[in-house]
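In what follows, a single structure is set out as structure tokens and then discussed.
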Amino acid sequence: MAEMCDSKEPGDPEEEIFGGQRVKKKYTGLLRSSRSLPECLTRAQLPLLLLLISLGFFMLLVTILVQVGVSQELTRSDLEEILQQLTWMNVTLAGLCRPCPWKWELFQGSCYFFSQTQNVWKDAISACQNLRAQLVIISSTEEQKFLKSWNTRNNQRTWIGLSDHHNEGSWKWVDNSPLQLSFWKEGEPNNHGDEDCVELYSDGWNDNRCSVENFWTCKKPLSPCPGS
């Protein structure tokens, strides 16, 4: 009777090429189906999904071990084959998790959303809150350079989360923290025509009327992947 774990030559109909590796056909269907999940998965669904997939992979591994144990004792080639399957399972699981939502940019531990629409400053705050984020607070020179490069590349005036509309001349961020590090353009702020809100434009900051419609940038911490 033929062995159940006989090695196969390349091109054998019981094997397929998956990601540049030879994988048994009975496993590739599961790997492909997990990679084809839609990008619109919400963060609330992701932990449960990962748990279910992990459970499925565990059951698959148990099945492999039982099949091998029934036919013969484990050999080195059997262990290498099982390790190969586990490696591809880990790659598939890792591909399901992103530290930032789709269409957000990752930079130094934070996620940034650059709007494609324009709003007045107050509505920009609400838009970011609806995304469980804040209108961006700039806390370092590196962060300013990152935002400036995006802003310059797209030639946009962009609201940031800074204003003095509560107390003229007392600049505060949307989390009510006082301004400490600033990147004002030359001659700014000048409060020309009741300008109480701050926009990022070209190479620095400019105060502008809060009723002006600008693009806006949201910021929130990244979400670590399970097990990271």
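The values are calculated or read from the model by the stated rules, or taken from the named source; none is laboratory data. Only a predicted model underlies this, so the values are computations on that prediction, with no experimental measurement involved. For neighbour counting, all protein chains shown are included, and Cβ atoms are generated from backbone atoms with ideal geometry for every residue, glycine included.
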Checklist entry - Any idea which of Asn208, Asn151 is buried (at least 17 other Cβ atoms within 10 Å of the Cβ) and within 19 Å of Leu106 (Cβ to Cβ)? => result Asn151
Next on the checklist: Any residue in region 200-212 that is closer than 14 Å to Ile138 by Cβ sitting within a Cβ distance under 6 Å of a residue that is hydrophobic (A, V, I, L, M, F, W, C) and in a loop (DSSP other than H, G, I, E, B)? List the pairs, counting only those 6 or more apart or interchain.
Outcome noted: Gly204/Phe183; Trp205/Phe183
Checklist entry - Among the numbered criteria (1) over 22 Å from Leu106 (Cβ atoms); (2) in a loop (DSSP other than H, G, I, E, B), which single criterion is violated by Ser139? => result (1)
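To keep it simple, each residue is scored yes or no on (1) at pLDDT 95 or above; (2) within 20 Å of Thr152 (Cβ to Cβ).
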{"residue": "Val174", "(1), (2)": "yes, no"}
{"residue": "Ser182", "(1), (2)": "yes, yes"}
{"residue": "Tyr201", "(1), (2)": "no, yes"}
{"residue": "Trp205", "(1), (2)": "yes, yes"}
{"residue": "Asn208", "(1), (2)": "yes, yes"}
{"residue": "Ser228", "(1), (2)": "no, no"}
Checklist entry - Within region 142-174, which residues are touching a residue at least 24 places away in the same chain (Cβ under 8 Å), over 25 Å from the mean Cα position of the chain (by Cα) and in a loop (DSSP other than H, G, I, E, B)? => result Asp164, His165, Glu168, Trp171
Item to check | Out of Asn191, Asn176, sole residue that is in the same structural domain as His165 (by TED's automatic domain parsing), exposed (fewer than 12 other Cβ atoms within 10 Å of the Cβ) and more than 15 Å from Asn119 (Cβ to Cβ) | outcome: Asn176
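Taking the condition in contact (Cβ under 8 Å) with a residue 40 or more places away in the chain, touching a Phe, Trp or Tyr at 6+ places or on another chain (Cβ under 9 Å) and farther than 22 Å from Asn208 by Cα, does Ala133 pass? Quick ask: steps written out before the conclusion?
Values: in contact (Cβ under 8 Å) with a residue 40 or more places away in the chain: yes; touching a Phe, Trp or Tyr at 6+ places or on another chain (Cβ under 9 Å): yes; farther than 22 Å from Asn208 by Cα: yes.
Yes.
Asn155 - would you say it is at positive phi and modelled with pLDDT under 90?
Working: at positive phi: yes; modelled with pLDDT under 90: yes.
Yes, satisfied.
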